[in-house]
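> Here you go, one structure.
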Amino acid sequence: MALKARVLYDFHSENPGEISITENELVTLFTEEELEGWLEGENSRGEAGLFPASYVEIIRDHITSNTNNNGLSSPKTKALTPTHTSYTSSDSHSHRGLGAGSGGSAGGSFHTSQGSDDDWDDDWDDASPATDAPRGLGTSPPLYPVTTSLPGRRESTQQHQHQAKSSATVGRNLNRFSTFVKSGGEAFLLGEASAFVKDGDRICVVMGKHGPEWQEDPYPFTCTIDDPTKQTKFKGMKSYMSYGLTPTHTNVQVNRRYKHFDWLYARLVERFPVISVPHLPEKQATGRFEEDFISKRRKGLIWWMNHMTSHPVLAHCDVFQHFLTCGADEKAWKQGKRKAERDELVGANFFLTISTPDVPLDLQEVESKIEGFKTFTKRMDENIVVVNATINEFARKQMAGFKKEYQKVGQAFTLLGQAFEMDQQVYAAGLNKAIAYTGEAYEAVGEYFADQPAQDLAPISDLLDLYRGHLANFPDIIHVQKGALTKVKDCPKQEGELHDRCNIISCATLAEIQHFHRTRVRDFRAQMQHHLRQQISFFQKITAKLEDALQRYDDDQ
């Protein structure tokens, strides 16, 4: 029987080789093995291709039947869920970028590395074929075992027995490629997380007016990104762009390359499974030193940095602070890099860092909020596509069509003025000049239209692209939280520890959703205000130009 999977979220194909899938649709899988976070299969319309593995749930309840001597089938039974089996996960990053290392090791430390220190010092090509994958995909990480017990866990024998009983009661997810498993959510829920958490690593969730929220940042800061400069190494054989970063809490500039941002992004995605880390600007294979591309990339990095510094958790995590503050000391930079890649507070252990309000959440209310947010993000994503297409088409018309039409009118007035000049009457000279200036005014207005989209429409498009990246992160985040809720529902008589751990995941998820909404309101309010101010200024400039042309027709001139 072909392996089937149920679609959890809509996915619209954007590249060759991908196929679109729809929520609740059943798809046929060609293989269970992931290709860097993607699965290959066929949708209900007969289209074959790739789709994100985290967007589907493999149906594991295979039904078997045995035929007796009379040709009758025996009763159908579901496959039993193993409870004390060790697995080895060879999956790569999911659509959001979660790797096997994110949830493979529950409590023991696991170390990831994206190249040795020598690789770090040598030039990583910002757009090498190996890294030019779709956003959120990465290279295959090492293999990490997923076990039901943890080595070196400091617990009493009684606690170990209780854990074994708990693991036996709560069935494991057979889909080891599930985001709930890879993120460490399942291991944490089953009580398998174990790590020493320092006070400085604790993340507080507080109960706000509208529900759980990340504790407000007591020391907010921002970070500027100066114009990049082209630098060389290996006696000029290798060139790269360096960006100057100056955080306000140190006022000391550090230089970073795009590959450094890319490394930081991978670390943050691995560290924070229920926090939406904004996507970086896309890589580009050619034209990396062209002025337009450099300007666009810098603008994208500024958007990214603003979202990072405004997040109360991401802004103050160790790896991000090291990225912002470590200067030219190569040894210190390497030490910070190695420390980040050996971080134990990732995957299941991340949830140990979260402190929640004393009063637990109502799980039914949590589920309702999550479903409401899921519906909201789906509608927002659909409308972002529509708005982006509309404003891009309008911008194209302004830069080409409107400019051309106004220039036609201006040229027509110019020709009329040239015809009038053949009269050579002295009293007609003022009129002739006025008509000629009117032609010039219309051509200038055409240039205004061509230049304007960069001032008001392009920033909106950039913001929409940034939020599409955020929206692409949330299916995985929601999947982790819903996986925890499902486990609790399956074991209603389970001791309070299971509910407590589910409460931690729920609090963190709702806090991130609340931060998303607050940031969204802030960003879109500011951007729409900017857009309308630019529009008003634009039409005032046109009006001033036309009024100037009108004054040329006064009889005194």
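The values are calculated or read from the model by the stated rules, or taken from the named source; none is laboratory data. Note that this is a predicted model, so its numbers are computed, not measured. So basically every Cβ, Gly included, is an ideal-geometry build from the backbone, and we count neighbours across all protein chains shown. Heavy atoms of the whole protein, side chains included, go into the accessibility calculation; ligands, DNA and RNA do not. Shrake-Rupley method; radii C 1.70, N 1.55, O 1.52, S 1.80 Å.
> May I ask you to list the residues of the range 199-231 whose amide nitrogen lies under 18 Å from a point 7 Å from Cα along the Cα→beta-carbon direction of H249?
From the range 199-231, the list is 199-205, 214-225.
> Given H placed 1.01 Å from N in the peptide plane, which residues other than close sequence neighbours of R257 have an amide H under 5 Å from its amide H?
HN-HN under 5 Å from R257: Y243.
> Using 0.36 nm per residue of separation minus the Cα-Cα distance, give me the extension gain between E371 and T224 in nm, one decimal.
Value of the extension gain: 49.2 nm.
> Normalised by the empirical 2.2 N^0.38 Å for globular proteins, what value does the Cα Rg of the range 404-557 take? Present the calculation step by step, with values, prior to reporting the outcome.
Details: Rg = 30.6 Å, N = 154, 2.2 N^0.38 = 14.9 Å.
Working it through for the range 404-557, the quotient is 2.05.
> I want to make sure I understand the PRE zone here: with the label point 7 angstrom from the Cα of R468 toward its beta carbon, which residues in the range 14-48 have backbone N atoms less than 12 Å away?
Residues 14-15 qualify, since their backbone N sits under 12 Å from the label point.
> Taking a threshold of 32 Å on the Cα-Cα distance, which of the pairs K230/K374; K299/K403; K238/K331; K299/K339 fall above it?
From the list (K230/K374; K299/K403; K238/K331; K299/K339), the Cα-Cα distance tops 32 Å for K230/K374.
> Can you pull the one-decimal nm distance between simple spin-label points at D500 and K545, each 7 Å off the Cα toward Cβ?
6.9
> Ignoring ligands, DNA and RNA, how do R271, R533 rank by accessible area with a 1.4 Å probe, largest first?
These residues rank, largest area first, as R533, R271.
> Give, in nm to one decimal, the length gained when the segment between N15 and Q424 is fully stretched (0.36 nm per residue of separation minus the Cα-Cα distance).
140.8 nm
> Roughly how many Å² of L532 are accessible to a 1.4 Å probe, to the nearest 10?
So the heavy atoms of L532 present about 100 Å² to solvent.
> In the range 439-530, how does Rg compare with the Kirkwood Rh, expressed as the Rg/Rh ratio over alpha carbon atoms?
Ratio of gyration radius to Kirkwood radius for the range 439-530: 1.35.
> Go through 322-334, 473-485 and give me the packing order, highest mean Cβ count within 10 Å leading. It would help to have the intermediate numbers written out before the result.
Values: 322-334: 14.8, 473-485: 23.2.
Peptide ranking by packing, descending: 473-485, 322-334.
> In terms of modelled amide H atoms, which long-range or inter-chain residues lie less than 5 Å from the amide H of W38?
Long-range HN contacts for W38: A53.
> Taking the Cα centre of the range 252-373 as origin, sum charge times position over the Cβ atoms of Lys and Arg (+1) and Asp and Glu (-1), and report the length of that vector in debye to the nearest 20.
880
> For the range 317-450, give the magnitude of the charge dipole about the Cα centre (Cβ charges: +1 Lys/Arg, -1 Asp/Glu; no others), in debye to the nearest 20.
Result for the range 317-450 is approximately 420 debye, rounded to the nearest 20.
> Got a sec to turn the phi values of the range 458-474 into Karplus ³J(HN,Hα) couplings, 6.51 cos²θ - 1.76 cosθ + 1.60 with θ = phi - 60°, whole Hz, x for Gly and Pro?
Couplings: 4, x, 5, 4, 4, 5, 5, 5, 4, 6, 5, x, 4, 4, 5, 7, 6 Hz.
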